[in-house]
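Novice: Handing you this structure, nothing more for now.
Values in this text are rule-based calculations from the coordinates and carry no lab data. Just so it is clear, the model here is predicted, and its values are computed rather than measured. Using ideal geometry, Cβ is built from the backbone for each residue, glycine included, and neighbour counts are taken over all protein chains shown.
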Number of protein chains: 2
Amino acid sequence: MPTTRAEVLELDADDELAGLRERFALPEGVVYLDGNSLGPPLASTAESLQRAVGADWGGELIRAWNTCGWIDLPARVAARIAPLIGAGDDEVAVADSTSINLFKLLAAAVAMRPDRPVILSEEENFPTDLYMAQGLAELLGDRARLEVVARERLRESLGREVAVLMLTHVDFRSGELHDMQQLTRASHEAGALTLWDLAHSAGAVPVDLNACGADFAVGCGYKYLNGGPGAPAFAYVARRHHERLRTPLTGWMGHREPFAFSTRYEPASGCARLLAGTPPILSLIALDDALDLFSTVDVAALRRKSVALTELFIALVERRLADHRFRLASPRDPDRRGSQVSLAHPEGFAIVQALIARGVIGDFRAPDLLRFGFAPAYTRFVDVWDAVENLEQVMSTAEWERPELRVRPRVT
Amino acid sequence: MPTTRAEVLELDADDELAGLRERFALPEGVVYLDGNSLGPPLASTAESLQRAVGADWGGELIRAWNTCGWIDLPARVAARIAPLIGAGDDEVAVADSTSINLFKLLAAAVAMRPDRPVILSEEENFPTDLYMAQGLAELLGDRARLEVVARERLRESLGREVAVLMLTHVDFRSGELHDMQQLTRASHEAGALTLWDLAHSAGAVPVDLNACGADFAVGCGYKYLNGGPGAPAFAYVARRHHERLRTPLTGWMGHREPFAFSTRYEPASGCARLLAGTPPILSLIALDDALDLFSTVDVAALRRKSVALTELFIALVERRLADHRFRLASPRDPDRRGSQVSLAHPEGFAIVQALIARGVIGDFRAPDLLRFGFAPAYTRFVDVWDAVENLEQVMSTAEWERPELRVRPRVT
């Protein structure tokens, strides 16, 4: 374990992925450890959007749907995401938001298990996933209900009424990683399907949906994929389910022949039926641009670096902040951890604000969690060192006690 | 009626709205008559996006949700659309696509009339509206069904089983305008609610939802509002329905306190509960930029110019193309017409392609419709003249018979 900043700089010098960072437009003097909430833009994204608005939209106007390939853009972007999550190109669709895609696939899963009304999830799941399931259950009355249990009770709750197990792969608070392979197998043994939310996985944690035998998945374009705030989301459906895939959100872009303008909905083949309304082209272009980064990167190498970054952070915190009442809220075993580390501290909110004021950007989750995301594509080992250095200074000077750091912003 | 191009140029010289055109980035040498499908960008939109990606997203990173006001952007954009459709600021939400918003409001309407399973619409409605209703009906089983009738049978079909009358205000093929006031009244007398799709109205045809006593509406950001391909869409709910408004697409951004991260969904107040997933900020910024145009424009003035443009077009076609088998497929009475004119011709497809090759961009809808949209914000009277001039040349030289004009593009 390095004991000086100079030693840490050597880790960066030896980093096989170090070259990726220069492709990002990151501000000077900032240590950005919140890419698990919002990835930064690539340097090329502004220019791609400039061209999309100027030459494409402005120059070609309506013709751009054909001449600039807009109509195929959702499928092209989906094909770029597929290898990051262990899916075939035709098993991924890009459309709408994670929430909306989750609704489509939950409805599909419940319809495929008509005698089983239960959507099983856990208390720690990301709230919007639970909310969407509640919305579907309320709409369907007796035909669906959400059951939320504690994490340790998930397996024993996989009873005969469970249609689908809906989980987020990496816990947004603790960064704890579910064992996708084992939980998928347990679900199938119980006769249930699985729906994985990959919001905090895709782009940082290797995922192999097909190797796990997963059924459905959704995920987010704006965290480790760097597609921009509110970027379009993705949805995965295993090929074996394509024929029976039915979603209630049957918009014209998921029609077999949208430009036949027929009055009767007929689903497009496979995952393409998951498209609903007209795709948000400008947002898709930003996401497409961001995904170019991954076309040259090995996901296993990203994972190796991610583990090295989180291991270094935890070791430095343990060494330098032992006197300051922090508790590691993420698994100590890197195999059970995503690409973030969470620390618990009773003054967590103010400590995070003090760090942000110093240019070290993490975030806070109630009641007491300081979250630090280590996106391997652009985070340097020296960023980890500097983050801990700043945290040590915040704690040793009691900087977090300053009253102005108590003001809650609207978005935390 | 002018008989020379010079006389038409005088109409432009006298046009009170002529100054608006220079705010658009329109290519030289193009007569753009397809703004009813996709509006062009404002000249300022590329720069707004540049700033959004560079200074806001790239500079502020996650902080931009607070420091750049991203979290309030959907509500700010909604408040800009509200006056264009006769709504209060708190009666409009901007989110998702027109299709998804329609699903939310259809589900809400059906839930408000539990003893009435019928969603009533017409054969000519835009297909995605029918498809979304079919998707909801299939999901709800006995509790909802779509009934589609011919336009002339709508009123007599408003029986005791109808929960909601779902219509598009301006017919996408013919440009025919429904009488919103009378049909809303007839629906209410029959105990039904109304859901208006304003895709081909907002920004070109005056709409006064509150004066009509309308219940629900949806609409599109990328046609006459010029928000960019696949721009976020809007949804309207009359204030009297806010308290009872329940949609099944209950995402975290429609939660009363999204950043409390509670496990139980509680709706935000009023229309804000129509938000679902994380809003697509880049697309919203393009739409926000485009809507700035309308902050200085009187909708009545836009309508006057729109009528003058379509009247001129029809008159010139009648005068110059009488020998060429065109049939006016739009109402002759401007009070019953939106901002487009459709002509029917058996060779419509090839004629439209010949016009596009000449830089006069309209579009084609099967089986035989040539559609021409006259967006009053940027279309000049001389564009109308030039369009008819080109159409006359295409017909008199039989240019449309060239075999290369028979190739169907993917998007028409």
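Novice: Counting just the residues of the range A:390-410 that are free of Cβ contacts under 8 Å to residues at least 60 places away in the same chain and buried (at least 17 other Cβ atoms within 10 Å of the Cβ), which one comes out nearest to A:R320 (Cα to Cα)?
Specialist: So, considering only residues that are free of Cβ contacts under 8 Å to residues at least 60 places away in the same chain and buried (at least 17 other Cβ atoms within 10 Å of the Cβ), the one nearest to A:R320 (Cα to Cα) is A:V394.
Novice: Another one. Considering only the range B:307-320, I want to know if a residue exists there that is of a type in the set (A, V, I, L, M, F, W, C), away from chain A (no Cβ under 14 Å) and surrounded by fewer than 17 Cβ atoms within 10 Å (Cβ to Cβ).
Specialist: Looking only at the range B:307-320, we keep the residues that are of a type in the set (A, V, I, L, M, F, W, C), and these are B:307-309, B:312-317.
Narrowing further to those that are away from chain A (no Cβ under 14 Å): B:307-309, B:312-317.
So of that shortlist, the ones also surrounded by fewer than 17 Cβ atoms within 10 Å (Cβ to Cβ) come out as B:315.
Yes, some residue in the range B:307-320 is of a type in the set (A, V, I, L, M, F, W, C), away from chain A (no Cβ under 14 Å) and surrounded by fewer than 17 Cβ atoms within 10 Å (Cβ to Cβ).
Novice: Scan the range A:358-369 residue by residue and report those that are farther than 18 Å from A:K223 by Cβ and either polar (S, T, N, Q) or in contact with a helix residue (DSSP H, G or I) (Cβ under 7 Å, 6 or more places away or on another chain) (or both). Walk me through it before giving the result.
Specialist: Applying the first criterion (farther than 18 Å from A:K223 by Cβ) to the range A:358-369 yields A:358-360, A:366-368.
If the condition is that a residue be farther than 18 Å from A:K223 by Cβ and either polar (S, T, N, Q) or in contact with a helix residue (DSSP H, G or I) (Cβ under 7 Å, 6 or more places away or on another chain) (or both), then A:R358, A:V360, A:D368 are the ones that fit.
Novice: Scanning the range A:187-208 for residues that are within 23 Å of the chain's Cα centre (by Cα) and of a type in the set (G, A, S), which turns out nearest to A:R304 (Cα to Cα)? Write out each step before concluding.
Specialist: Initial filter on the range A:187-208 (within 23 Å of the chain's Cα centre (by Cα)): A:187, A:193-208.
Now narrow it down to the ones that are of a type in the set (G, A, S): A:187, A:199, A:201-204.
Working: A:S187: 29, A:A199: 19, A:S201: 14, A:A202: 15, A:G203: 13, A:A204: 10 Å.
Ranking the qualifying residues of the range A:187-208, first place goes to A:A204.
Novice: Please specify each residue of the range B:24-46 satisfying the condition of being facing chain A (nearest Cβ under 9 Å), surrounded by fewer than 20 Cβ atoms within 10 Å (Cβ to Cβ) and closer than 20 Å to B:P232 by Cα.
Specialist: B:A43
Novice: Still on this structure, please answer the following. Taking the range A:130-182 on its own, how many of its residues are within 14 Å of chain B (Cβ to nearest Cβ), over 21 Å from A:N101 (Cβ atoms) and surrounded by 22 or more Cβ atoms within 10 Å (Cβ to Cβ)?
Specialist: So the answer is 1.
Novice: Residue by residue through the range B:241-289, note down the ones that are touching a residue at least 12 places away in the same chain (Cβ under 8 Å), charged (D, E, K, R) and surrounded by fewer than 19 Cβ atoms within 10 Å (Cβ to Cβ).
Specialist: Let us first name the residues in the range B:241-289 that are touching a residue at least 12 places away in the same chain (Cβ under 8 Å), namely B:241-242, B:244-256, B:265, B:267-289.
Now narrow it down to the ones that are charged (D, E, K, R): B:244, B:246, B:256, B:273, B:288-289.
Hits for the range B:241-289 are B:R244, B:R246, B:R256.
Novice: Okay, next question. Out of curiosity, is A:R63 among the charged types (D, E, K, R), part of a helix (DSSP H, G or I) and facing chain B (nearest Cβ under 8 Å)? Steps first, please.
Specialist: Working: among the charged types (D, E, K, R): yes; part of a helix (DSSP H, G or I): yes; facing chain B (nearest Cβ under 8 Å): yes.
Considered against the rule, which asks whether it is among the charged types (D, E, K, R), part of a helix (DSSP H, G or I) and facing chain B (nearest Cβ under 8 Å), A:R63 comes out as yes.
Novice: For the range B:243-265, which residues satisfy the criterion of being more than 8 Å from chain A (Cβ to nearest Cβ) and either more than 16 Å from A:R410 (Cα to Cα) or of a type in the set (D, E) (or both)?
Specialist: B:E243, B:R244, B:L245, B:E257
Novice: I'd like the full set of residues that are within 15 Å of A:D171 (Cβ to Cβ) and either surrounded by fewer than 16 Cβ atoms within 10 Å (Cβ to Cβ) or among the acidic types (D, E) (or both), limited to the range A:333-349.
Specialist: Scanning the range A:333-349 gives A:D333, A:D335, A:R336.
Novice: Of everything in the range A:266-304, what is within 12 Å of another protein chain (Cβ to nearest Cβ) and not in a helix (DSSP H, G or I)? Give them in sequence order.
Specialist: A:E266, A:P267, A:A268, A:L275, A:A276, A:G277, A:T278, A:P279, A:P280
Novice: While we're on this one: Here are some conditions: (1) more than 12 Å from every other protein chain (Cβ to nearest Cβ); (2) touching a residue at least 24 places away in the same chain (Cβ under 8 Å). B:G348 meets all but one. Which one does it not meet?
Specialist: The one condition B:G348 does not meet is (2).
Novice: Which of (1) more than 13 Å from chain B (Cβ to nearest Cβ); (2) in contact with a strand residue (DSSP E or B) (Cβ under 7 Å, 6 or more places away or on another chain); (3) farther than 18 Å from A:F326 by Cα; (4) among the small types (G, A, S) is the odd one out, the single condition A:G359 does not satisfy?
Specialist: Unmet for A:G359, out of (1) more than 13 Å from chain B (Cβ to nearest Cβ); (2) in contact with a strand residue (DSSP E or B) (Cβ under 7 Å, 6 or more places away or on another chain); (3) farther than 18 Å from A:F326 by Cα; (4) among the small types (G, A, S): (1).
Novice: Does B:R80 count as assigned to a helix (DSSP H, G or I) and more than 9 Å from every other protein chain (Cβ to nearest Cβ)?
Specialist: Here the answer is yes, as B:R80 does meet what is asked.
Novice: Of everything in the range B:111-129 that's in a helix (DSSP H, G or I) and surrounded by fewer than 24 Cβ atoms within 10 Å (Cβ to Cβ), which residue is farthest from the other protein chains (Cβ to nearest Cβ)?
Specialist: Within the range B:111-129, the first condition is being in a helix (DSSP H, G or I), and the residues that meet it are B:111-112, B:127-129.
If we keep only those that are surrounded by fewer than 24 Cβ atoms within 10 Å (Cβ to Cβ) too, we end up with B:111-112, B:127.
Values: B:A111: 8, B:M112: 14, B:P127: 5 Å.
That would be B:M112.
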